[in-house]
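Before any comments, here is the structure.
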Amino acid sequence: GQNIDQPTEMTATEGAIVQINCTYQTSGFNGLFWYQQHAGEAPTFLSYNVLDGLEEKGRFSSFLSRSKGYSYLLLKELQMKDSASYLCAVRDLDDYKLSFGAGTTVTVRA
Amino acid sequence: DTAVSQTPKYLVTQMGNDKSIKCEQNLGHDTMYWYKQDSKKFLKIMFSYNNKELIINETVPNRFSPKSPDKAHLNLHINSLELGDSAVYFCASSQETTGGNEQFFGPGTRLTVL
C-alpha cells in the first residue's frame, strides 16, 4: 500500500513562491504525479516524475528523490488563480492505481 | 468536444434507492477509473478497467457495481443507497500501454443521499 503525506494548508502572497512537499512510503513505486483541483472542479494534471530530479513546466516545477521518498511542487510568480488544492499521487508498480494524498489547499492573497 | 464526460452532474436521491452514473471518454484511452471524493476532499480509487477488463477493485461494498460495455464507457451502478454514499464521484481515463499515463478526469457527479 501507499502512505502519502502533504501539508493541509499553505498561504502565500501574489507574486511569491510556494513549495508544497510530499513524502511517501510505498510497497512499489512507478512514478509520482501532481494534480491541481479548483473548488467544485475536477483534478487536472500538472506534472509527472519517475526519475530523480527537477521537471520544469513554466511557472510550475516538480522535484523527486526516490531514495528519500520525497517530492515537492514549486509554484512561482503566484497568481490569484493558483488558489486551489494540490494533490500528490503515487503510482503503483504492479498496476495502474494512483494513490492520492489528502491534498494541500493553497490560498493566494493580494 | 469534452474529453471525459459524466452524467448526471448532480444526483439527489433517497436512501435505499438504486442509481447509475455514466461515463464516456473520447480520447481513445484503454483504461478507465472510478474515484470517490468525500467531504474531506480525499480522492480514493474504487475501480479500474483496462480494455473492458476489471483490473482494480478496491475494498468497496458490493452494492457498487461497475460495468464497461466498451473501452470508451464505464458506468457505475449503486444499489440500496446509504447516507455515507454521499460524495463526489469522478470518472477518469488514461492510456496505459503506449501513452504518458496521466489520468484525465471527468467533471464529477455530486451524489447526495437523503
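The values are calculated or read from the model by the stated rules, or taken from the named source; none is laboratory data. On a predicted model such as this, the values are computed, not experimentally measured, just so you know. Cβ coordinates were reconstructed from backbone atoms using ideal geometry, including for glycine residues, and neighbour counts include every protein chain displayed.
Worth a mention:
- Search result, residues across segment A:30-62 that are farther than 23 Å from B:GLY106 by Cα and in a loop (DSSP other than H, G, I, E, B): A:ASN30, A:VAL50, A:LEU51, A:ASP52, A:GLY58, A:ARG59
- B:LYS52 vs. criteria basic (Lys, Arg), at pLDDT 95 or above, surrounded by 13 or more Cβ atoms within 10 Å (Cβ to Cβ) and touching a Ser or Thr at 6+ places or on another chain (Cβ under 7 Å): no
- Filtering segment B:27-54 to residues that are among the aliphatic types (A, V, I, L, M) and touching an Asp or Glu at 6+ places or on another chain (Cβ under 6 Å) leaves B:ILE45, B:MET46.
- None of A:LEU51, A:LEU93 is surrounded by fewer than 20 Cβ atoms within 10 Å (Cβ to Cβ), away from every other protein chain (no Cβ under 12 Å) and touching a Gly at 6+ places or on another chain (Cβ under 6 Å) except A:LEU93.
- Of all the residues in segment A:55-83, those that are within 14 Å of another protein chain (Cβ to nearest Cβ) and on the phi > 0 side of the Ramachandran plot number 0.
- When A:TYR48, A:TYR72, A:TYR35 are checked against the criterion of being free of Cβ contacts under 8 Å to residues at least 24 places away in the same chain and not aliphatic (A, V, I, L, M), a single residue qualifies: A:TYR48.
- Residue that is surrounded by the fewest Cβ atoms within 10 Å (Cβ to Cβ) [pool: residues in segment A:65-90 that are assigned to a loop (DSSP other than H, G, I, E, B) and hydroxyl-bearing (Ser, Thr, Tyr)]: A:SER67
- Looking across A:ASP82, A:ASP94, A:ASP5, one residue alone is under 28 Å from B:ILE56 (Cβ atoms), at pLDDT 95 or above and acidic (Asp, Glu). It is A:ASP5.
- Of all the numbered requirements in (1) under 10 Å from the mean Cα position of the chain (by Cα); (2) within 25 Å of A:ALA89 (Cβ to Cβ), B:LYS71 misses one, and that requirement is (1).
- Members of segment B:85-114 found to be away from chain A (no Cβ under 11 Å) and either free of Cβ contacts under 8 Å to residues at least 24 places away in the same chain or in contact with a helix residue (DSSP H, G or I) (Cβ under 7 Å, 6 or more places away or on another chain) (or both), listed by number: B:THR98, B:LEU111, B:VAL113
- The strands (runs of 3 or more DSSP E) located wholly in segment B:1-81 that include 2 or more residues which are touching a Gly at 6+ places or on another chain (Cβ under 7 Å), within 11 Å of chain A (Cβ to nearest Cβ) and within 16 Å of B:PHE105 (Cα to Cα) occupy B:4-7.
- Condition met for A:GLY101 (under 12 Å from the mean Cα position of the chain (by Cα), within 27 Å of B:VAL88 (Cα to Cα) and within 11 Å of chain B (Cβ to nearest Cβ)): yes
- The residues in segment A:31-45 that are out of contact with any Pro (no Cβ under 9 Å at 6 or more places or on another chain), within 13 Å of B:PHE104 (Cα to Cα) and more than 9 Å from every other protein chain (Cβ to nearest Cβ) can be counted, and the count is 1.
- Selection within segment B:25-42: residues that are closer than 12 Å to B:ALA92 by Cα and not aromatic (Phe, Trp, Tyr). The member of this set that is surrounded by the most Cβ atoms within 10 Å (Cβ to Cβ) is B:MET32.
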